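Below is one structure, written out as structure tokens; comments come after it.
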Amino acid sequence: MTDYKVEAAKAALNLIKAGQTIGLGAGSTIANLITLISEKSELANSLVFTSSSFKTTANLLAHGLTVQSPANLKYLDIYFDGCDQFDKELNALKSGGGIHTTEKILASMANEFILIGDEGKFTDQLDTTYPLVIEILPAALQIVLQKLKHDHPDATINLRMSTQKDGAVISENGNLLADIHFNKLIAPDVLNTQIKMIPGIVDHSLFYRMATKAVIAGEQGIRSIYPDYKK
């Protein structure tokens with residue numbers, strides 16, 4: 001049985017050139033890409049990597065690859081990342097890891113932001129399958145929750161709680177994370193601005209018109225998808 005995530009990683013590998021600085025997100029397709037890169041020692045030794053993910057950074061180091069902190073970089077040639085779902089405009093929802101703030105910083109630094117993964121991630125229109133994740137300054141928690149409940153009374157908002165310790169999940173930036181489950185579709189452009197403008201919200205997990213291309217694998221082989229608003 002074909003592993004489409006491996007196939008997508010192989011296609012992504014072909015987009016990398018010697019001497020580039022590459023940003024990587026998280027997930028199994030990214031892990032496959034790291035393995036493939038490390039097998040090409042001449043290429044691997046010429047590259048510099050950075051990541052928004054603790055797990056990905058550890059994986060890069062375990063493969064002996066050169067890693068820089070995002071704080072030391074101003075520019076990336078390519079930023080590769082997966083997502084939970086993306087639409088024909090390449091608006092992407094990244095709801096799992098809760099590291100979207102750093103991921104957006106890296107994506108904004110990159111000449112190209114390329115989504116990679118299997119074809120099951122692609123849909124014509126984002127739906128309500130996945131929550132929107134928000135990162136909240138601790139001091140603003142109650143006012144943010146109050147504002148969200150006022151603006152979206154039909155939504156369910158869950159503060160992420162730790163299963164390994166008493167208390168809330170804390171982001172890598174020392175903030176809180178909450179999942180917003182909407183019961184109805186909201187236009188991505190409206191959602192992007194409306195949520196981001198609430199004081200106390202650092203950022204949310206909707207990547208609105210940030211990706212330049214998606215490379216996905218499926219039964220029809222490898223497909224490259226470009227945002228349709230640029231056609």
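The values are calculated or read from the model by the stated rules, or taken from the named source; none is laboratory data. None of these values were measured; they are calculated from a predicted model. All Cβ positions, even for glycine, are placed from backbone atoms using ideal geometry, and neighbour counts span all protein chains on display. SASA here: full protein model, heavy atoms, side chains in, ligands and nucleic acids out. Shrake-Rupley method; radii C 1.70, N 1.55, O 1.52, S 1.80 Å.
Restricting attention to region 179-223, the residues that are part of a strand (DSSP E or B), open to solvent by 50 Å² or more (accessible area, probe 1.4 Å) and in contact (Cβ under 8 Å) with a residue 60 or more places away in the chain total 3.
If you go through region 163-178 one residue at a time, do you hit one that is at pLDDT below 95, open to solvent by 60 Å² or more (accessible area, probe 1.4 Å) and of a type in the set (Val, Ile, Thr)? Yes, region 163-178 contains a residue that is at pLDDT below 95, open to solvent by 60 Å² or more (accessible area, probe 1.4 Å) and of a type in the set (Val, Ile, Thr).
For region 110-126, name all the residues that are open to solvent by 30 Å² or more (accessible area, probe 1.4 Å) and in contact (Cβ under 8 Å) with a residue 40 or more places away in the chain. Hits for region 110-126 are 112, 118, 119, 120, 121, 122, 125. Looking at 50, 57, just one residue is out of contact with any helix residue (DSSP H, G or I) (no Cβ under 6 Å at 6 or more places or on another chain) and either over 18 Å from residue 225 (Cα atoms) or assigned to a helix (DSSP H, G or I) (or both), and that residue is 57. Among the numbered conditions (1) more than 15 Å from the chain's Cα centre (by Cα); (2) not in a loop (DSSP other than H, G, I, E, B), the only one that residue 88 does not meet is (2).
Among the residues making up region 14-37, those that are in contact with a Leu (Cβ under 8 Å, 6 or more places away or on another chain) and open to solvent by 20 Å² or more (accessible area, probe 1.4 Å) are 18, 19, 20, 21, 36.
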